[in-house]
Amino acid sequence: MANPTGKAAAVEVRNLVKEYDGGRVRAVDGVSLRSEEGEYLVLLGPSGCGKTTLLRTIAGLEQPTGGEVLIGGNVVNGLPPRARKIAMVFQSYALYPHKTVEANIVFPLKAEGMKRARRAERARWAAELLGIGGLLDRKPRQLSGGERQRVALARALVRQPLVFLLDEPLSNLDAKLRATARDELKRFQQEVGTTTVYVTHDQTEAMGLGDRIAVLDKGRLRQVGRPMDVYDDPADTFVATFIGSPPMNLVPRDGRLVGFRPEHLLPAEVVPAADRVGVRLAVDRLEYLSGDRHVYGTASGIGEPTRVIARLPATVLTPIEAGRTYGFAVRGEKLRFFDAASGERAE
Ligand code: ATP
């Protein structure tokens, strides 16, 4: 992978614990996780699950209660943020309103005592890489939200960090701009090759950006894996329902839960007969979304009667109406089983 900064370092946490309020809050509860050099690792989880705390502890902005943080194989506990060779971009990437884009970008280099000519050169390089080379003389108020966000990234980039730590950097952008910015961010990271740890609660963002996704809940790591693995083979019902929109259907049966994704619940005639598990679906509602039909109803015959959602692509032409019951099916190989009590996978 091309890496103009010439550098990338693995990031690792070992059995990391972070408590607040004298132990009353355990924000990070024994997390062990490693991102490889140049990897894009996404920390995903609901609000309050400890993502930001984990990132801030890696950055050195918080001291761990227990465990270790390693950057490039070296334990960095006790090292101040400046000495960690990381660059962090937050959700609220404050730019200096009265300084130009260039002055904003070079600010960290000025603080390090770098000479003016080298600073200007580095600013130009970072700005070109982010496609804002023509905006160096502007002030932040003369920029769009997406451009401001790129200035913040350029400011992180000029220090040529070993690791980028990004905390919901796209959350201030509207939905359309966010999709474009997400694509740009991914291409940019592939170009520079810097190890990136990215925090989000948005699973679409996580699936689109991450080489791997670490799913967190209540301070604990539930699963880490490639987007497709976390989606296809969730480790527990938390991951199964947190990832995927609509989420995985879960039907109780004999002390277990049978799980299947909405797109795998289809009219029986389009499911291969050799591997067909039948479901009676009493349909009560239909939605049309992005060309797909979302069919809401109560499933029976596969476990206890349970409300489920089926997602039918436009290629499935079977007429479906609310108020009627249909023969649906799932391919047996698409079923996932979970323990009803613990929520863990059970085969
Ligand atoms: P969000 O997506 O809402 O930003 P998060 O997953 O990033 O959430 P954290 O900000 O890491 O979550 O917070 C994890 C837990 O730790 C929460 O219960 C939070 O209330 C608590 N917490 C965070 N910072 C502090 C603090 N300084 N003092 C006490 N509790 C804190």
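The values are calculated or read from the model by the stated rules, or taken from the named source; none is laboratory data. None of the values given here were measured: they were computed from a predicted structure. Glycine also receives a Cβ, built like all others from the backbone with ideal geometry; neighbour counts cover every protein chain displayed.
Computed quantities for the displayed model
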read-out	value
Residues of segment 275-295 satisfying the condition of being over 24 Å from residue 252 (Cα atoms) and not in a strand (DSSP E or B)	290, 291
Of all residues making up segment 49-108, the number that are part of a helix (DSSP H, G or I) and within 16 Å of the ligand (Cβ to nearest atom)	9
Subset of segment 167-203 [in contact with a helix residue (DSSP H, G or I) (Cβ under 8 Å, 6 or more places away or on another chain) and of a type in the set (A, V, I, L, M, F, W, C)]	170, 173, 177, 181, 185, 188, 192, 197, 199
Any chance residue 38 is away from the ligand (no atom under 15 Å from the Cβ), more than 22 Å from residue 205 (Cβ to Cβ) and in the same structural domain as residue 210 (by TED's automatic domain parsing)	no
Test: residue in segment 130-151 that is in contact (Cβ under 8 Å) with a residue 24 or more places away in the chain, within 22 Å of the chain's Cα centre (by Cα), buried (at least 20 other Cβ atoms within 10 Å of the Cβ) and within 16 Å of the ligand (Cβ to nearest atom)	no
Verdict on residue 298 being in a strand (DSSP E or B), hydroxyl-bearing (Ser, Thr, Tyr) and touching a Pro at 6+ places or on another chain (Cβ under 6 Å)	yes
Tally of residues being at pLDDT below 95 and either near the ligand (Cβ under 8 Å from one of its atoms) or surrounded by 14 or more Cβ atoms within 10 Å (Cβ to Cβ) (or both) across segment 9-23	3
